[in-house]
1. Suppose we filter region A:6-19 for residues that are more than 10 Å from chain B (Cβ to nearest Cβ) and surrounded by 20 or more Cβ atoms within 10 Å (Cβ to Cβ); how many remain?
2. Go through B:Leu215, B:Leu198, B:Leu260, B:Leu243 for me and flag whichever is without any contact (Cβ under 8 Å) to a residue 40 or more places away in the chain and within 18 Å of B:Glu56 (Cα to Cα).
3. Here's a check for you: in region A:43-68, which residue that is in contact (Cβ under 8 Å) with a residue 60 or more places away in the chain, under 24 Å from A:Ile5 (Cα atoms) and not hydrophobic (A, V, I, L, M, F, W, C) is farthest from the other protein chains (Cβ to nearest Cβ)?
4. Looking at region A:20-31, I want the residues that are within 14 Å of chain B (Cβ to nearest Cβ) and have a partner that is among the aliphatic types (A, V, I, L, M) and in a loop (DSSP other than H, G, I, E, B) with Cβ atoms under 9 Å, at least 6 apart or on another chain. Which pairs are those?
5. So is B:Leu4 part of a loop (DSSP other than H, G, I, E, B) and not polar (S, T, N, Q) or not?
6. Taking the residues in region A:69-81 that are away from every other protein chain (no Cβ under 14 Å) and β-branched (Val, Ile, Thr) as candidates, determine which candidate is farthest from A:Ala2 (Cα to Cα).
7. In region A:87-126, what count of residues is obtained for those that are under 20 Å from A:Glu54 (Cα atoms), over 10 Å from the mean Cα position of the chain (by Cα) and within 11 Å of another protein chain (Cβ to nearest Cβ)?
8. Let me spell it out: the conditions are (1) surrounded by 13 or more Cβ atoms within 10 Å (Cβ to Cβ); (2) under 34 Å from the mean Cα position of the chain (by Cα); (3) closer than 25 Å to A:Arg15 by Cβ, and B:Met388 meets all of them except one. Which number is the exception?
Amino acid sequence: MAYSIKVLDHYENPRNVGSFAKEEEGVATGMVGAPACGDVMKLQIKVGKGGVIEDAKFKTYGCGSAIASSSLVTEWVKGRTIDQALEIKNTQIAEELALPPVKIHCSILAEDAIKAAVADYKKKHSEPVAA
Amino acid sequence: MLKLPIYLDYSATTPVDPRVAEKMIPYLVEKFGNPASRSHSFGWEAEAAVEEAREEVARLVNADAREIVWTSGATESNNLALKGAAQFYAGQGKHLITLKTEHKAILDTCRELERQGFAVTYLDVLDNGLVDLEVLQAALRPDTSVVSVMFVNNEIGVIQPIAEIGEICRSKGIIFHVDAAQATGKVAIDLAELKVDLMSFSAHKTYGPKGIGALYVRRKPRVRLTAQMHGGGHERGFRSGTLPTHQIVGMGEAFRLARLEMGTENERIRMLRDRLLKGVSDIDEVHLNGDLERRVPHNLNASFAYVEGESLLMAIKDLAVSSGSACTSASLEPSYVLRALGREDELAHSSIRFTLGRFTTEEEIDYAIKLLHDKIGRLRELSPLWEMVQEGVDLSTVHWAAH
């Protein structure tokens, strides 16, 4: 299968690989996918004052497109508020990485990872976040 | 100097041996006659070459040349054998038995026979990939007409107990077909001993050209088939179509070389395979797929847990290997062969098949071992599953959001 240059770049040089300690202040985790399906993404965000995502890290078990999709979203969510992060759509990820149709599910999973991380943050901080 | 990428996919196809190519070339340009032309020397010359090649194919498997029918490859041989025998013997019964781990050329042909009104039993295999003879015995029915079992599995390289199955089938008058595409030049085949009625061969898995194969059709006791390709009545009516002389010459020479060299070649390849096996054994959580003893010498199939197969293939792109089999690796499905062995999906997803061959060197194997160590380490750093396992989480207890 031929991969786009952007997928190869993220795969060869993944951005923001790693983990934050789960108990660290402002850290929220989204884990989506299943090993049996061949993809598991873990996206962590570190949310600071005003609900702004200051840092993000990921680990992904999956194909090159799944690794690239999660690497890309760690770059995109940084500097956004959690509500702005939720505006990232799988179609934008797929377009940016020029994913072929059989790999669209990777971008959907990356969008789900953002939603899961934000949901985890909101669960931990039930008070409304100032926009 | 090492040349990259390194070809370790000899079970997908092999290069044509230069000695084989050299022998084929004159039959394209100068000796171009139609072997069916009876009225001039062009035809006679081509016919003589075809018959010499037929002798060579027969000799590798200790058969009579008159039992060899040329086809376009093992897929066609499998189609002709299964459809031809099932249809010819339909009056005696309409039930076939095969394995879940067979090649798609068998499984899909069986599906077609089911559409034609035949019943097919697909047997499970043991977790080492071998058929359980008691399960096979129990599956036999009074109306079973054909049993088809592959000699060597294309993904995991295990060698099925062909002699024993042959005895069972012969004692009950059941036609026994064997797909031997992966076996020629790898295991000794003696059709004077084996009670096999039909056997499929391919040239391109044994250093011959693509597009040519053969079907062995036993004469004593005689096996009959309903032809699937109609026309000029070539190959005694079993398979019409002008014979591709150059391809046939190539297959004959490839099989002749296999007969002469397989003894020493297989020992050399086995040493390299064992070197690779030893080299990857010290990586954590490597699971070998398929029986290690009853196995061809050139195959290693391993699952690298917590690393996904496609990303591993990307990481080791200096190695030409396959994940699952070449026919299924374009899909996102894990290997159906490994699933039939009872491998969990995640291990099936992370399997790599290494198949070595005539031109594999020790230097190439050493490079492969180092690359695997480096890249599996890197991908595990990226893997949330690996991280969880290191933290002591039992992944089977995690509730995954399947998608």
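1. Step one: of region A:6-19, the residues more than 10 Å from chain B (Cβ to nearest Cβ) are A:6, A:9-10, A:13, A:15-16.
Cutting the leftovers down to surrounded by 20 or more Cβ atoms within 10 Å (Cβ to Cβ) gives us A:10.
Looking only at that region, the number is 1.
2. Values: B:Leu215 fails: without any contact (Cβ under 8 Å) to a residue 40 or more places away in the chain; B:Leu198 fails: without any contact (Cβ under 8 Å) to a residue 40 or more places away in the chain; B:Leu243 fails: without any contact (Cβ under 8 Å) to a residue 40 or more places away in the chain.
Going through B:Leu215, B:Leu198, B:Leu260, B:Leu243 in turn, just one is without any contact (Cβ under 8 Å) to a residue 40 or more places away in the chain and within 18 Å of B:Glu56 (Cα to Cα): B:Leu260.
3. Going through the qualifying residues, I end up with A:Ser65.
4. Sorted first by the residue in region A:20-31, then by its partner, the pairs are A:Met31/B:Val398.
5. Numbers: part of a loop (DSSP other than H, G, I, E, B): yes; not polar (S, T, N, Q): yes.
So B:Leu4 passes the test.
6. Just the residues of region A:69-81 that are away from every other protein chain (no Cβ under 14 Å), to begin with: A:72-73, A:75-81.
In the following step, the residues that additionally are β-branched (Val, Ile, Thr) were identified as A:73, A:77, A:81.
Numbers: A:Val73: 22, A:Val77: 27, A:Thr81: 35 Å.
Result: A:Thr81.
7. Adding up the residues that qualify gives 0.
8. Failed condition: (2).
The values are calculated or read from the model by the stated rules, or taken from the named source; none is laboratory data. Note that the structure is predicted; figures quoted are calculated from it, not measured. Methodologically, a virtual Cβ is constructed for each residue, glycine included, from the backbone with ideal geometry; neighbour enumeration extends over all protein chains shown.
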